[in-house]
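To keep things clear, I will list the structure first and then write my remarks on it.
Just so you know, all these numbers are worked out from the coordinates, no wet-lab data involved. Keep in mind it's a predicted model, so treat the numbers as computed, not measured. Positions of Cβ are backbone-derived with ideal geometry, glycine not excepted, and every protein chain shown enters the neighbour counts.
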């Protein structure tokens, strides 16, 4: 589960140019059937 601290995000992708090893490992894990999920959050200041 990845938490994205922006309410305007529509999709999640690893940034291969920054960390190609992480991107490859995430793809391999996903391909084995492990769910990869991302959730957006938002908050209001009071």
From the list (i) 1.03; (ii) 1.08; (iii) 1.47, can you say which value of Rg/Rh (Cα atoms, Kirkwood Rh) was derived from the structure given? (ii)
At a 10 Å Cβ-Cβ cut-off, how would you order 36, 3, fewest neighbours first? 3, 36
